[in-house]
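Below you'll find the structure, written out as structure tokens, and then a few comments.
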Amino acid sequence: MPAPTIAPSAPAGLAAGASLTAVSVADAAAEHLRGLLFSGALEAGQELRDTVLAQQLRIARPTVRIAVQRLVAEGLLEREPGQSARVRTFSAADVADLYRMRRLIECEAVRAVVEQRLDTVGIERAMGAFRAVGDAWGDGPDADLAFHAAVVDAAGSPRLSRLFAAVAAESRLVVALLRASYATPADLAHEHESRLEALRGTDADRAVAVWAAHLDDAERSIVASLEAGAGADESSADESSADADHGAATDAEAVRA
């Protein structure tokens, strides 16, 4: 069966002519939608109807449901019973809960790496890839998460790695909000250099403290970005309401005249 492609009449966010290649059609559809989510092409709260996706991707609706359900399981989409899926929206409480989980996982991994003097080759490699991103913001969040995943993997605990993988997709969405706090991904990568230095040391308590502070800073920056976005939305809504009120008043004046 040929790989499905996006129809020329694809809605906003679904690039016309994009081809899907993966192990299965459901894998391909899920990967394509995941890429759109990570690139910001699909907005928070945007509805994704099975029928529309099936038409645009030229695949069967049951296959679309499988792909969508995978993204729901990853925390990227939300779906109420009997409703279409929607792009996940995050609150400050969601971010706090996500980073609480990340602190539990990553700080345990950091302690293991330092106390047991574990191999950091994979971490060094991930750091090198992070540096190579330079000013390309599109690759920055992926490099950031890859570095953190490498630290967790270095602990040598399959269960810790699985726990991190379970929150990686959600983390990838919110990490993109760090863009408001850094001029370039190179600045973000440079900040991670000091975290790597702590891993190379022999003081596990210090390394854990450095790591926890790093995650605390990221959480605060992401929450600030969310709140700034919410403030902008409220301001826009107020302006629209004021324009509507002004228009109604003008119409009323015209009727009285």
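Odds and ends about this structure:
- Thr120 being more than 30 Å from Ala228 (Cβ to Cβ), among the polar types (S, T, N, Q) and out of contact with any Ser or Thr (no Cβ under 6 Å at 6 or more places or on another chain): yes
- Yes/no for Ser194 being surrounded by 15 or more Cβ atoms within 10 Å (Cβ to Cβ), part of a helix (DSSP H, G or I) and either out of contact with any strand residue (DSSP E or B) (no Cβ under 6 Å at 6 or more places or on another chain) or without any contact (Cβ under 8 Å) to a residue 12 or more places away in the chain (or both): no
- Listing of helices (runs of 4 or more DSSP H) fully contained in the stretch 20-135 that carry 2 or more residues being more than 30 Å from Gly201 (Cα to Cα): 25-39, 50-57, 61-73, 92-115
- The sole residue among Ala150, Ala143, Ala126, Ala165 that is surrounded by fewer than 16 Cβ atoms within 10 Å (Cβ to Cβ) and of a type in the set (A, V, I, L, M, F, W, C) is Ala165.
- Of all residues in the stretch 46-103, those satisfying the criterion of being of a type in the set (Lys, Arg) and within 22 Å of the chain's Cα centre (by Cα) are Arg49, Arg65, Arg70, Arg79, Arg86, Arg88, Arg100, Arg102, Arg103.
- Test result for Val133, touching a residue at least 24 places away in the same chain (Cβ under 8 Å), surrounded by 22 or more Cβ atoms within 10 Å (Cβ to Cβ) and within 21 Å of Leu196 (Cβ to Cβ): no
- Evaluation of Ala149 against the conditions (1) among the small types (Gly, Ala, Ser); (2) out of contact with any Ser or Thr (no Cβ under 8 Å at 6 or more places or on another chain); (3) closer than 24 Å to Asp217 by Cβ shows that the sole unmet condition is (2).
- Every condition in (1) buried (at least 17 other Cβ atoms within 10 Å of the Cβ); (2) modelled with pLDDT of 90 or more; (3) more than 17 Å from Gly75 (Cα to Cα) is met by Leu48 except one, and the failing one is (3).
- Selection within the stretch 149-182 - closer than 13 Å to Phe90 by Cα and basic (Lys, Arg): Arg172
- Hits in the stretch 51-75 (condition: more than 15 Å from Asp27 (Cα to Cα) and surrounded by 13 or more Cβ atoms within 10 Å (Cβ to Cβ)): Val52, Gln55, Gln56, Gly75
- Cross-chain or 6+ apart pairs with Cβ under 7 Å, the stretch 170-185 first and farther than 13 Å from Val133 by Cβ and modelled with pLDDT of 85 or more, then of a type in the set (Lys, Arg) and not in a loop (DSSP other than H, G, I, E, B): Ser171/Arg102
The values are calculated or read from the model by the stated rules, or taken from the named source; none is laboratory data. A quick note: this is a predicted structure, and the numbers were derived from the prediction, not measured. When we count neighbours, we look across all protein chains shown, and the Cβ atoms used for this are built from the backbone with ideal geometry, even at glycine.
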